[in-house]
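Heads up: the structure comes next, in structure tokens.
Just so you know, all these numbers are worked out from the coordinates, no wet-lab data involved. A quick note: this is a predicted structure, and the numbers were derived from the prediction, not measured. No Cβ is skipped: glycine too gets one built from the backbone with ideal geometry, and neighbour counts run over all protein chains shown.
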Amino acid sequence: MEAERGGAGPVWVSETLRVLGTALTGSSAPPTAWFKESSQKNLRSRDFLVPRGALKKSFPDGETPEELLQKLTSLNVPGVPPIRTCQRSATGLVIQLDRPAVFHRVLKDFTPYLKPAPSISDSGQRVVILNCTPLHSCQRLETFKLSHLRAVLIADHLAEVLRSRGEQVHLVPAVRNKEVEVFLSQLGVSWPCSTEAPILEESVTSFKDYLKEKIHSNNIRLNPGQPVDESSQRVLFSVPLKSIAEEQKLCLQGYDPNLDVFLVNEEDLAHVARLQRSVRESAKTATPCVVLHVVSCEEEFHQQKLDLLWRLLDPGATLITQKFLICGPVKVLGSPAPVSGPQYFHLRKSQMREASVMKYGDSVQGASWDEIINSLTSAAIKFELMATPHRTQVTLNTEDTNITTKGTKSGAFVMYNCARLATMFDSYNCAVCQGLYPDFPPPGDIDYSGLSEEGEWLLLFNYIMMLPEVLSQSAQISLTSPGIRVTANTEVVCKFLVNLSMDFSCYYNRVHILGEPLPHLYGQMFARLQLMKAVRNVLHSALRTLHILPLTQI
């Protein structure tokens, strides 16, 4: 069967680019010449491209050998989709895939496309300790800032995508305040909660004893002063971090040059004790350990001090890789006073309810609508705080007009399209129960040749096949790179979901998926429904990394 040409397993965009690059250059070096097309205009004629300028690096005369074209057209490699044509054009060397065969390969079993693409970690299997620093000091809900909320949401998402890639992840610290725990659960944040174990008190006591022993030899001063204000903890020790680090020949590259004296309080020692305990627990697995501090920008300087204090208190910490992922500030427009995370949640929830009432009227009431509005609010806030690169400032608008149930750039719009899909499948299942449609056939028996709409290929090629790449990109953090700062692509999932929702919405509004109950129309309807099943599952899988429950009705 033509649809099976090239094998029966899943196909991967990254693997295709690698194989095409190797075929072009004859080298196993990372491919740089080939590009995957994504715009609807270009996808009308090609799926992959080598620009003419790049071709000249391999073929100075500008002529691509005919045997190379034949080789590329006849590629039969696991992980690479079947190719229909490979041609020279004015833009360069272009490839168009055998689209009916690709539809069949992907849609007969789309489950491999719901998780990160297969890859080899830059350091092999490891334990990643995600230290969300705002949660150490935030012991009351009133002190939970928007910048704290942004850091927590990013850490929560990172934990999910790292686990989906096979990493072992430990979350530090456990939430100790019940109000903070309830607030985070409203947002779907999956974070451990517990009271402090006695072993933590023992560690803090041992740290105090150690610092007291070092008072004379390292210029450490005991109880140097009172707290700055009533909200501050009492200072226990004054530790000249920079001079001690230089004496112990610790590398300070990447640290703030103004690091000097650290006024250490009880909470600082508890913070170090929690990290130490988590590292010791992970050491039981005999797996390399990396500590990733997810820090709001205003707390980075303090966390660098804690990093060096940990090395002073625990010699074993010098062997632990510590990296910093910095979250930019959150600015609120139209608010004369600072807005806390809980205040912003309640504001957005109120606005979402008002927008829902304006659209759906008096039906917006009862437990089911409360769940819908909570879900919409959680999605809206997460997309607002996470759709921007983590190191960039987020600017929020508190005006009522900034929140709607269908704004195309919002998390609520993504949820709305999840509900549309759920409603469509409910309609199909009801029609089956009424005898209007036959039962759904096995996906491998469906004829996908009727999927010829531009929007159908767009949904498959840009989204269903690309989710593994997006999830891998979101979790791509070089924890072995030099320096102490790292970057992650935590914004890509939100952007992916918004773009998918817009393209799905255009397709859904243009194409009649559930056709007339006539036998000669069933083939195309089943192909489209299977495509929609894949879109639905892609939406749900991507939302799962954000801990957002998709809506099933609205």
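Overview of values
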| item | result |
| --- | --- |
| Amide H contacts of Phe262 (H built 1.01 Å from N, under 5 Å, at least 5 apart or other chain) | Val239, Leu241 |
| Loop trypsin sites (Lys or Arg not before Pro), region 274-307 (other Cβ atoms within 10 Å of the site Cβ: 11 or fewer; DSSP) | Lys284 |
| Length released on extending from Asp260 to His520, taking residue separation times 0.36 nm less the Cα-Cα span | 85.8 nm |
| Links that overshoot a 27 Å alpha carbon limit, given the list Lys284/Lys495; Lys349/Lys495; Lys212/Lys249; Lys331/Lys359; Lys212/Lys284 | Lys284/Lys495; Lys331/Lys359; Lys212/Lys284 |
| Within the chain, longest stretch clear of exposed GluC sites (Glu not before Pro) (DSSP loop, no more than 15 other Cβ within 10 Å) | 231-398 |
| For region 127-333: rounded, prolate or oblate by the Cα gyration tensor [a/c cutoff 1.5] | prolate |
| Mean separation of Cα contacts under 8 Å, 6 or more apart, over the residue count of the chain: relative contact order % | 17 percent |
| Among Ser74, Leu24, Val94 the positive-end extreme of the charge dipole of region 2-97 (Cβ point charges) | Val94 |
| Selected from Leu306, Tyr507, Gly455, residue furthest toward positive end of dipole (the chain; charges at beta carbon) | Gly455 |
| Global form of region 32-111, assessed from the alpha-carbon gyration tensor, a/c cut-off 1.5 | prolate |
| Full-extension gain in nm, Tyr210 to Val77, via 0.36 nm per residue minus C-alpha separation | 41.8 nm |
| Calculated Kirkwood radius over Cα pairs in Å (choose from (1) 26.5; (2) 23.9; (3) 22.8), label | (1) |
| Cut-off 15 Å between beta-carbons: net charge of the residues surrounding Gln87, Lys and Arg +1, Asp and Glu -1 | 0 |
| Per-residue [θ]222 nm for the chain (sum of -39500 (n - 2.57) over DSSP H runs n ≥ 4, rounded to 500) | -14000 deg cm²/dmol |
| Peptide ranges 334-344, 414-424 listed from the most packed, as the mean C-beta count within 10 angstrom indicates | 414-424, 334-344 |
